[in-house]
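The values are calculated or read from the model by the stated rules, or taken from the named source; none is laboratory data. It should be emphasised that the depicted structure is a prediction, and the values quoted were computed from it without experimental measurement. Heads up, the Cβs are rebuilt from the backbone with ideal geometry, glycines too, and the neighbour counts pull from every protein chain shown.
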Amino acid sequence: MKRRQPPATFSVDRNVGFLLCQLLAPSIGKVRRAPAPAPAPEEVERIAVLKLAGLGSLVLASPTLASLRARFPSAHITFITQLANRRLLETNIDVDEVYYLDTSSPCATAAGFWRLFRHLCRGGYDLVVDLEPSSRCTALLSFLSGIPLRAGFDTPGHARGQLFNLPVPYEEHIHLVEAFHRLAERLGAPAVGRLQLTPIHYPLADEAVVESFALQQHLAPERPLVAIHLGADDGPAGPRWPTERFAQLADALIAEYGVQVVFTGSAKETPLAAEALRAMHHEAVDASGHLNIPQLASLMARCALVISCDAGPLHIAAAMRTPALGLYGPTAPEKEGPWGEHCTTLYHRLPCSPCSSHACGKPSRCPHGDCLRSITVPEVLGAIRARYASLLRPERILAASTPAK
């Protein structure tokens with residue numbers, strides 16, 4: 001397997017962004033003042049929050065958004081993210097507006113960043129909160145836009161901390177949920193003992209779509225439903241648990257517990273679902289490409305268990321308080337794992353792992369994926385038996401299992 005190349009946006013940020021930050025350093029040093037104190041709530045009327053990459057990271061940032069809203073109850077909060085994350089935050093009670101950046105192509109990305117820069121300059125923002133741990137581009141946009149208060153991570157080796165007057169040291173050893181919340185604490189929000197993800201609200205229309213899909217697929221409400229997400233945040237070509245193992249796992253769960261299995265994913269992952277269905281001996285349902293983000297949240301709220309590699313839907317399940325089992329390899333679960341006591345992860349810490357970070361927009365360039373391939377089907381089944389067996393065997397379960405093909 002060939003070594004995978006990172007996206008152009010990552011390369012531009014790493015090389016051009018780093019150079020620009022270094023070139024600006026002498027000028028910044030001449031005008032830089034002592035770090036600003038935390039602003040009072042009445043001093044902030046408009047807030048821009050930046051987090052471009054990573055659907056799962058946006059879910060993990062929800063406790064921070066809740067604390068920002070509590071700290072600045074009257075402020076107008078605009079969340080700025082990639083167009084690929086559409087509909088995740090539009091119903092979030094802590095966000096007033098969502099601004100989308102189109103990164104579908106190099107030309108669209110360049111034009112999008114220019115429009116975003118003009119928006120930040122003209123938006124009348126009093127405060128910008130940059131949730132990106134390593135992006136030089138977002139740090140430069142925050143600084144050059146002239147927004148008076150700028151909170152962001154001072155990450156070692158990334159030459160970006162100098163661009164913020166409310167800098168927060170980025171801590172590699174803590175979970176992203178806690179790391180993000182350090183920014184809210186820097187702005188005066190109180191520390192919270194146990195942060196909670198904000199459940200994703202889905203309108204009645206989206207719930208009706210899921211109900212219709214369940215009826216069309218003959219999903220019985222009295223039988224436990226297990227969702228298996230086949231993709232990963234690096235896309236279908238990124239490091240994943242092998243599709244044939246997902247198929248074997250699905251067959252084993254149906255045979256042992258009589259559950260119903262639904263495969264989830266985007267339209268790009270439909271071929272993976274088709275491959276899994278062909279490899280199975282029992283019937284399962286393919287939902288890939290059929291549901292948007294709120295509809296996926298509605299589906300996962302119905303599930304007894306969700307199984308996935310490190311991907312946005314795993315964190316959506318965690319936010320919906322659905323038990324979730326994450327298979328980890330390129331990313332570290334103690335840093336980017338699903339958040340909550342109802343979640344479990346499997347991870348083999350190989351010498352080369354972790355090699356990726358969704359939070360930092362750093363994709364895996366692994367040519368083999370041994371970290372995930374080392375996780376076996378019996379190992380996953382053992383984890384499910386140890387933690388979730390009672391959830392898959394309710395008293396109302398049908399005696400008969402799903403009929404074989």
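Under the condition of being in contact with a helix residue (DSSP H, G or I) (Cβ under 9 Å, 6 or more places away or on another chain) and closer than 16 Å to M300 by Cα, the residues counted in the range 259-283 number 7.
Could you tell me how many of the residues in the range 183-198 are part of a helix (DSSP H, G or I) and more than 12 Å from D130 (Cα to Cα)? Lay out the reasoning, then the answer.
Let us first name the residues in the range 183-198 that are part of a helix (DSSP H, G or I), namely 183-186.
Then drop every residue that is not more than 12 Å from D130 (Cα to Cα), which leaves 185-186.
Residues meeting the conditions: 2.
If you filter the range 115-133 down to residues that are among the acidic types (D, E) and assigned to a loop (DSSP other than H, G, I, E, B), you find that the one that is modelled with the lowest pLDDT is E132.
Against the list (1) out of contact with any Gly (no Cβ under 9 Å at 6 or more places or on another chain); (2) modelled with pLDDT of 90 or more, the condition H175 fails is (1). With respect to (1) over 25 Å from the mean Cα position of the chain (by Cα); (2) outside the structural domain of L372 (by TED's automatic domain parsing), the lone exception for Q260 is condition (2). Pairs meeting the criteria (first residue in the range 94-107 and assigned by TED's automatic domain parsing to the domain that holds F72, second residue surrounded by fewer than 18 Cβ atoms within 10 Å (Cβ to Cβ), beta carbons under 6 Å, at least 6 apart or on different chains) are D96/H76; V98/E90; Y100/L83; D102/L83; D102/A108; P106/A8.
What are the residues in the range 134-150 that are among the basic types (K, R) and assigned to a helix (DSSP H, G or I), if any? Reasoning before the result, please.
As a first pass, look at the range 134-150 and keep what is among the basic types (K, R): 136, 150.
Result: R136, single match.
Taking the criterion of being closer than 13 Å to S135 by Cβ, part of a helix (DSSP H, G or I) and of a type in the set (A, V, I, L, M), the only residue of the range 159-179 that qualifies is L163. Across the range 269-292, the qualifying residues are those that are part of a loop (DSSP other than H, G, I, E, B) and either out of contact with any Gly (no Cβ under 9 Å at 6 or more places or on another chain) or without any contact (Cβ under 8 Å) to a residue 12 or more places away in the chain (or both), and the one among them that is surrounded by the fewest Cβ atoms within 10 Å (Cβ to Cβ) is H281. The one condition from (1) free of Cβ contacts under 8 Å to residues at least 60 places away in the same chain; (2) surrounded by fewer than 23 Cβ atoms within 10 Å (Cβ to Cβ); (3) not in a loop (DSSP other than H, G, I, E, B) that F213 does not meet is (1).
Residue check: T109 meets all listed conditions (1) buried (at least 20 other Cβ atoms within 10 Å of the Cβ); (2) at pLDDT below 95; (3) over 13 Å from A36 (Cβ atoms); (4) in contact with a Ser or Thr (Cβ under 9 Å, 6 or more places away or on another chain) but one, namely (1).
Pick from the range 26-42 the residues that are in contact with a strand residue (DSSP E or B) (Cβ under 8 Å, 6 or more places away or on another chain) and at pLDDT 90 or above: which of them is nearest to Q162 (Cα to Cα)?
Applying the first criterion (in contact with a strand residue (DSSP E or B) (Cβ under 8 Å, 6 or more places away or on another chain)) to the range 26-42 yields 35-36, 38-39.
Narrowing further to those that are at pLDDT 90 or above: 38-39.
On the way: A38: 17, P39: 19 Å.
Going through the qualifying residues, I end up with A38.
Exactly one residue out of L299, L219 is out of contact with any His (no Cβ under 7 Å at 6 or more places or on another chain) and either hydroxyl-bearing (S, T, Y) or more than 25 Å from L89 (Cα to Cα) (or both), and it is L219.
Take the range 49-61 and flag every residue that is closer than 18 Å to I93 by Cβ and not basic (K, R). Don't jump to the end; show me each part of the working.
Step one: of the range 49-61, the residues closer than 18 Å to I93 by Cβ are 49, 51, 58-61.
Passing the criteria: V49, L58, V59, L60, A61.
When you scan the range 127-143, do you find a residue that is more than 24 Å from the chain's Cα centre (by Cα) and not hydrophobic (A, V, I, L, M, F, W, C), even just one? No, there is no match, as no residue in the range 127-143 is more than 24 Å from the chain's Cα centre (by Cα) and not hydrophobic (A, V, I, L, M, F, W, C). For the criterion of being farther than 19 Å from A53 by Cβ, in a loop (DSSP other than H, G, I, E, B) and in the same structural domain as A53 (by TED's automatic domain parsing), P156 passes. Residues that are within 24 Å of S390 (Cβ to Cβ) and in the same structural domain as T376 (by TED's automatic domain parsing) do not occur anywhere in the range 231-245. For the range 80-94, the set of residues classified as surrounded by fewer than 19 Cβ atoms within 10 Å (Cβ to Cβ) and of a type outside the set (D, E, K, R) consists of L83, A84, T91, I93, listed by residue number.
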